[in-house]
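The values are calculated or read from the model by the stated rules, or taken from the named source; none is laboratory data. Note that the structure is a prediction, hence the values are computed from the model and not measured. Every residue, glycine among them, receives a Cβ derived from its backbone with ideal geometry; neighbour counts consider all protein chains shown.
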Amino acid sequence: MSARKQSQPLQPAPVATVVAASPTVKAIAGSLGGIMEAVLLQPIDVIKTRLQLDSRGRYSGIFHCGRTIAAEEGVRSLWKGLTPFVGQLTLKYALRMGSNAFFLEMLRDKEGRLTNTSRLLAGLGAGVSEAMLIVTPFEVVKTRLQQQRGTDKALLKYKGPVHTAMLVAREEGPMKLWAGATATTIRQGSNQMSMFWGKSVADGLIWGKRDGDGKVLTPVQSAASGFLAACIGPVLNNPMDVVKTRMQAATRSGAGYAGFADCLLTVGRTEGIGALWKGLTPRLARTPPGQAIVWAVSDQITGYFEKQRLAQA
């Protein structure tokens, strides 16, 4: 009897069930988080844009810029471009979260597991998709609105997001709405590579959360992981953001650049290498907190659905 027991082959250890929320659920969760982010953090984005366009050193820093805008143009000016920003973030996060989930499903192995390389590639795919389809034209419109001084619409060239898009397309050509596309794609691609990878690493190391395990993090836990992950991209790719802003703000009649490389070299040569990191402080003041808000909202929604599907598995 004992000999027969010893001759029996060892049974493989059971594989943990992985039940991830669908791309559709993640898209909806991301868009709801994006709306919350836009409303709360729009002033920081306005300040960032003004600092990056400040080639004459008018503003001494983030707080001085904010106070100057509020004093000279009114507090409402700190929410300039909010409508296109809300629209952009709603669509952007829906596409970002949904496409990342789609790419992750394609890259899973036979047991449903993901490698770090898979997460980086899925993040890159999500970033490039959102840059070309949504982010670039929305940011052209937002930048044109944010660079205007004052709140009296009768004195402003651009009256609103739809008017801005139509005017830019009519006066400068439809492709002007994709000005800075190269810089935007590099920025968004590298942002989402580091974001999704960093969020997964932080969740695992700090909270013991694994993809599709059914564990629902608290909003504070999700926000902490999202905040940490969002600090990586801005530090590395700020020059791309400066180039994007300069190219999107340049009109046909104003200062223009021959392209991505020309803008990058011109700014560095005429204003110094440090100018390529203009706006980094407001980016760090807006992007990590913004991602903290998005993940705090979206993780609750996706976590609920994952838990329900795991219970039914």
**Prompt:** Is there a residue in the stretch 128-135 that is without any contact (Cβ under 8 Å) to a residue 40 or more places away in the chain, assigned to a helix (DSSP H, G or I) and either more than 13 Å from the chain's Cα centre (by Cα) or buried (at least 21 other Cβ atoms within 10 Å of the Cβ) (or both)?
**Reply:** yes
**Prompt:** Looking at (1) in a helix (DSSP H, G or I); (2) within 22 Å of Thr136 (Cβ to Cβ); (3) over 19 Å from the mean Cα position of the chain (by Cα); (4) at pLDDT below 90, which is the one condition that is false for Ser253?
**Reply:** (1)
**Message:** surrounded by fewer than 19 Cβ atoms within 10 Å (Cβ to Cβ) and within 20 Å of Ile293 (Cβ to Cβ): which single residue out of Leu82, Leu40 fits that description?
**Reply:** Leu40
**Item:** Residue satisfying all of: in the stretch 139-185; in a helix (DSSP H, G or I) and charged (D, E, K, R); nearest to Val46 (Cα to Cα) among these
**Value:** Lys142
**Prompt:** Can you find a residue in the stretch 82-91 that is over 14 Å from the mean Cα position of the chain (by Cα), in a loop (DSSP other than H, G, I, E, B) and not hydroxyl-bearing (Ser, Thr, Tyr)?
**Reply:** no
**Item:** Any chance Lys110 is among the charged types (D, E, K, R) and in contact with a helix residue (DSSP H, G or I) (Cβ under 6 Å, 6 or more places away or on another chain)
**Value:** no
**Request:** Among the candidates Gln188, Gln248, single out the residue that is in a helix (DSSP H, G or I), farther than 23 Å from Asn100 by Cα and polar (S, T, N, Q).
**Result:** Gln248
**Request:** Would you be able to say whether some residue in the stretch 136-157 is at pLDDT below 95, at positive phi and surrounded by fewer than 21 Cβ atoms within 10 Å (Cβ to Cβ)?
**Result:** yes
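Per-residue answers, yes or no, for (1) more than 22 Å from Leu104 (Cβ to Cβ); (2) without any contact (Cβ under 8 Å) to a residue 24 or more places away in the chain:
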{"site": "Gly180", "(1), (2)": "yes, no"}
{"site": "Ala229", "(1), (2)": "no, no"}
{"site": "Asn238", "(1), (2)": "yes, no"}
{"site": "Tyr257", "(1), (2)": "yes, yes"}
**Request:** Only residues that are polar (S, T, N, Q) and in contact (Cβ under 8 Å) with a residue 60 or more places away in the chain: list them for the stretch 32-72, please.
**Result:** Thr49, Gln52, Ser55
**Residue ID - surrounded by the fewest Cβ atoms within 10 Å (Cβ to Cβ), chosen from residues in the stretch 236-266 that are aliphatic (A, V, I, L, M) and in contact with a helix residue (DSSP H, G or I) (Cβ under 7 Å, 6 or more places away or on another chain)** = Leu236
**Request:** Could you grab me the full set of residues in the stretch 274-313 that are within 14 Å of Asp241 (Cα to Cα) and part of a helix (DSSP H, G or I)?
**Result:** Gly274, Ala275, Leu276, Trp277, Leu280, Thr281, Pro282, Arg283, Leu284, Arg286, Thr287
**Request:** Would you please list the contacts, defined by Cβ atoms under 6 Å and residues six or more apart or on different chains, that run from a residue in the stretch 195-222 that is free of Cβ contacts under 8 Å to residues at least 60 places away in the same chain to a residue that is hydroxyl-bearing (Ser, Thr, Tyr) and surrounded by 15 or more Cβ atoms within 10 Å (Cβ to Cβ)?
**Result:** Ala202/Ser225; Asp203/Ser225
**Message:** Would you confirm, using the coordinates I've provided, whether Lys209 is basic (Lys, Arg), in a loop (DSSP other than H, G, I, E, B) and at pLDDT 90 or above?
**Reply:** yes
**Asked** List, please: which pairs have Cβ atoms under 6 Å, are six or more places apart or on different chains, and start with a residue in the stretch 280-307 that is more than 17 Å from Val216 (Cβ to Cβ) and end with one that is of a type in the set (Asp, Glu)?
**Response** Arg286/Asp45; Gly290/Glu37; Ile293/Glu37
**Prompt:** Hey, among Ser55, Ser60, which residue is in a loop (DSSP other than H, G, I, E, B), modelled with pLDDT of 85 or more and hydroxyl-bearing (Ser, Thr, Tyr)?
**Reply:** Ser60
